[in-house]
Every structure is written in structure tokens, then in C-alpha cells.
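Notes follow once the structure below has been shown.
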Amino acid sequence: MDSQKEALQRIISTLASKNDEIQIFIDTLNHTLKGVQENSSNILSELDEEFDSLYSILDDVKESMITSIKQEQARKSQELQSQLSQCNNALENSEELLEFATRSLDIKEPEEFSKVNKTKRKVTMASAFRLSLKPKVSDNMTHLMVDFSQERQMLQTLKFLPVPKAPEIEPVECLVADNSVTVAWRMPEEDNKIDHFIMEYRKTNFDGLPRVKDERCWEMIDNIKGTEYTLSGLKFDSKYMNFRVRACNKAVAGEYSDPVTLETKALNFSLDNSSSHLNLKVEDSCVEWDPTGGKGQESKVKGKENKGSGTPSPKRTSVGSRPPTVRGSRDRFTGESYTVLGDTAIESGQHYWEVKAQKDCKSYSVGVAYKTLGKFDQLGKTNTSWCIHVNSWLQNTFAAKHNNKVKALDVPVPEKIGVFCDFDGGQLSFYDAHSKQLLYSFKTKFTQPVLPGFMVWCGGLSLSTGMQVPSAVRTLQKSENGMTGSTSSLNNVTQ
């Protein structure tokens, strides 16, 4: 009996669930039906507006044509009236002259007749002889006739504007480089009614087709006139980006293209506050010296000042005798090792990030280190860390450091430093982030995962992560075969 009740309960649960689905579907149908009615009313209203606009245009054209005809009528009437007035005046003058000349013919006396020679001259100069007996204008108005047969035919073929077809994104024409993405597409067939395109994109950590749930919202770029678009200045904080495009004419937008997923993988990391020195104020991508941060804590271990370090350093304990520590449980850096590491280890591949120091920063280092870097150790003073160091306290120095060896760099300190780490190739290079000028390269063999490392004293640093290796850096790396003699003293170190 219990089993029968359980079976009945399952059936009841299934039926209740199905009822819920049907109710949801009914709600969907009602909502769709309401949408059809509302949208139909909107379309009818828009159609009325379009025809009213068309009627208004036709009325304006008609009024303009009527005005042109009336102006032509007035011009011709004025010309003809003027010519008619001239002819009437000439005719009246000629009749007077004819009458006077006829009377002169009746004079018998020669002397008397000779006095009428003036009449002869008047007759000769009569205005009738100078008149043109041809109308200046014709009564023809056919040049203002119109033929609406073509327009009538166009109006008779008036139909609904076709919905544009979905564009097709061409993955082989798309380009992901320098934290920019260029997306290219084409129409499946020519459509001269296309006015513009809309592109939408969103970041994701999933390959393949976009997922409906647990995804970021689509972001939109509107009014794209061409068939490609470049998004630049992106932070690649996800492994992929989804893209889709739709075409629009003057009235309606078409369906979206099939979405395309492009890989945008790059190194993303934050600063690890859990093990940073207490005198450092750490946020996700910023670190700043805080002289009050260590107060109230245990006293720091005093150490000796290392020559050429730019900052004092305590005595280091032997790193080789210490087992590797697990990230997140490491003791904090202490003493005068004002260090903070990244929270993401590099175990393979090529990676790039950038660092910018505050203008008043007195001393800082940028590089990488093994996880085993001791809590008293300073970057570049151990065989487990590599860095370049900038110092403007007491003296100005710019140097590459590794295993407590220092190589002065005879180049200006850039505003922002780019760091390139080729783990598999065993290369760590530093660049001027703006000009991509190479500052220094270490050549080694990494035997353990490395962490981005930073030291700062009296100042602050800000990081830029989620960056691809720039094209200019890749080109320089391809052309760089080994190190120059000036850097050999710190290179070819195998751990």
C-alpha cells in the first residue's frame, strides 16, 4: 500500500508540474495575443501617419506646380499686354499722320507744298515702321504639363517593406589582437534597403554557443554603416566573447545572425592582500605605501642594508631549506620586504601586464617570483625572483636585479612598464608600455610556477591586467635571439 501511495504521489507531483507548465504556456499565449493586437494597432497607426505624410507631400507638390503655372501665365500676359499697348499707340499715331499727309496732297501751290516736307519726315519716322508684328510669347503652356504615369505605377506597386535577412558573421575575417576585436560579416544576398547594422556582444567563460542562463547582458553598438566593426581598449577578463549582428532598414530590424564565439584569453590577476606587507594598502589592482599599516603588530625584524638595493633589507633566511608554501596560508611579508604578490600563478604560456607608478613614488620593483619567496626577501635579491628596480631616494637608479646581482639600465624610466613573461621559453622582458621599447630581458629556465611580484616604498603602483601580448612585443620577441653582452651577467641562470 505504501508503494502504491508513493507511486500515486509521484503521479500527482508530475501532473501538478505539468499543470504549472500548461498555465505558464497559457499566460504566454495570452501575452502573445495581447502583443499581436497592440502591435497591429501600432502598425495601422503608423500606416495612417505614412499615408497622411504622403498626401501632405502630394498637396505641397500640387501647390508648387499650380504656383508655377500661374507665374508663367502672369509673365506671358504681361508681355502680350505690353506688346498690345505698343501696337495700339503706333496705330493711333499712324492714322493721324495719314490724315495729315492726305490733306497735304491736295495743296496746289508749290511754295505751300514745300512747307509740308516736315510732314514727310514725320511719316517716315512713324513708330509703326519699327514694330515687330510677331508676338513676343506664345500661348503654348505644354512645357508645364506633367506625366504621373511612372509615379502612379510606383504607388500601385507600394508594398510592405521586407524584413532584412540575418547577416552572416565570417569567423575567418574576424581578428582578436591588442585587446581589440574586429568582427566582419556579410549579407546572404544583396539588399540595397539596408540602412545600418546593430552589433551586440558579451563576455563569457564558456566556449561554443551562448548560454541562456548565468550570462552577462548583451551590450549594443548601434548605427554601424559598414560590414565590420572594431571594439578597442577592451579588458579581456573572460576567456571568450559572443557576438551577433542584425541588419536594419528605415523601418524594421531583421533577425540576429548566428552568434559567434571568439577567444579572448589573457592573464587576469589581483594583488594578494592576505600575504602583503602590513605597511602596504592593497586593493585588487592598486598598492600604496602606508607607514601606519604596521602599527600595533609585532615588532619587525631588523636587518642589514643591502648595498645598491635602493631600500633597506633585513637578513634573509635560507630559502632552500624551506618547503614551498601554499598560497593563501603564507606568512605576511615583513621587515623591510615591502612586497605584494599576484594571486594567480603562471605555469605555462606567454603573458603580459603593465604597471604604472605614482609620480612621487620613491622606490619600487616590478617582476616575478617563485611561490617560495621568503617573507623577509626582497625582489631581485634571491635566486627565486627577477625584477627591475626604480629608486629616486637619495640617488636615482634604474636597474635589473636577480640573485642579488644588479645591472644598471642606461635608459629613461618609462611612465608605465610592460612585463612580458614567456614561461615555457624561459624569458622575462620589460618594455616601455607606450613605445614598446625593450628595457631589459632575463633568460632563464623556470622550474616552478611564478607569481607577479611588486615592491613599493613611499608611493604607489597601479596594475593593468587582462591584456593580450601586444603585437609589437610579439614581433620584438621573434627577432630577439638571445641576450646582448651587456645583460649577460644576469642571464642564463637555471634554477
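Details
- When restricted to residues that are polar (S, T, N, Q) and buried (at least 17 other Cβ atoms within 10 Å of the Cβ), segment 415-444 contains 4.
- Only one entry in ILE12, ILE22, ILE69 is of a type in the set (A, V, I, L, M), open to solvent by less than 90 Å² (accessible area, probe 1.4 Å) and closer than 30 Å to THR142 by Cβ, namely ILE69.
- Total residues in segment 247-280, condition outside any loop (DSSP other than H, G, I, E, B) and crowded, with 18+ Cβ neighbours inside 10 Å: 6
- Checking each residue in segment 136-172 for being open to solvent by 80 Å² or more (accessible area, probe 1.4 Å), part of a helix (DSSP H, G or I) and among the polar types (S, T, N, Q) picks out THR142, GLN150, GLN153, GLN156.
- Of all the numbered requirements in (1) under 22 Å from the mean Cα position of the chain (by Cα); (2) outside any strand (DSSP E or B); (3) under 30 Å from GLN468 (Cβ atoms), GLY208 misses one, and that requirement is (1).
- Test: residue in segment 46-57 that is of a type in the set (Phe, Trp, Tyr) and within 55 Å of the chain's Cα centre (by Cα): yes
- The residue pairs whose first member lies in segment 134-163 and is more than 21 Å from MET65 (Cβ to Cβ), whose second member is among the hydrophobic types (A, V, I, L, M, F, W, C) and open to solvent by less than 80 Å² (accessible area, probe 1.4 Å), and whose beta carbons are closer than 6 Å, counting only pairs six or more residues apart or on different chains, are VAL163/VAL252.
- When the strands (runs of 3 or more DSSP E) confined to segment 334-412 are screened for residues that are in contact (Cβ under 8 Å) with a residue 24 or more places away in the chain and either acidic (Asp, Glu) or touching a helix residue (DSSP H, G or I) at 6+ places or on another chain (Cβ under 9 Å) (or both), those reaching at least 3 such residues are found at 350-357, 397-402, 405-408.
- Residues of segment 331-350 satisfying the condition of being open to solvent by less than 40 Å² (accessible area, probe 1.4 Å), touching a strand residue (DSSP E or B) at 6+ places or on another chain (Cβ under 6 Å) and not aliphatic (A, V, I, L, M): PHE333, TYR338, THR339, GLY342
- Any chance ALA128 is in contact (Cβ under 8 Å) with a residue 24 or more places away in the chain, part of a helix (DSSP H, G or I) and more than 30 Å from ALA266 (Cβ to Cβ): yes
- Between LYS359, LYS375, the distinction of being under 31 Å from the mean Cα position of the chain (by Cα) and modelled with pLDDT under 95 belongs to LYS359 only.
Residues checked against (1) in a helix (DSSP H, G or I); (2) under 30 Å from THR124 (Cβ atoms); (3) among the β-branched types (Val, Ile, Thr):
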site	(1), (2), (3)
THR28	yes, no, yes
LYS34	yes, no, no
ILE43	yes, no, yes
ASP48	yes, no, no
SER56	yes, no, no
ILE69	yes, no, yes
LYS76	yes, no, no
SER82	yes, yes, no
GLU92	yes, yes, no
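- Test for LYS401: is it crowded, with 19+ Cβ neighbours inside 10 Å, closer than 26 Å to PRO291 by Cα and not hydrophobic (A, V, I, L, M, F, W, C): yes
The values are calculated or read from the model by the stated rules, or taken from the named source; none is laboratory data. Treat the numbers as computed from the prediction; the structure is a model and nothing was measured. We place every Cβ from the backbone using ideal geometry, glycine too, and count neighbours over all the protein chains shown. For accessibility, only protein heavy atoms count, side chains too; no ligands or nucleic acids. Shrake-Rupley method; radii C 1.70, N 1.55, O 1.52, S 1.80 Å.
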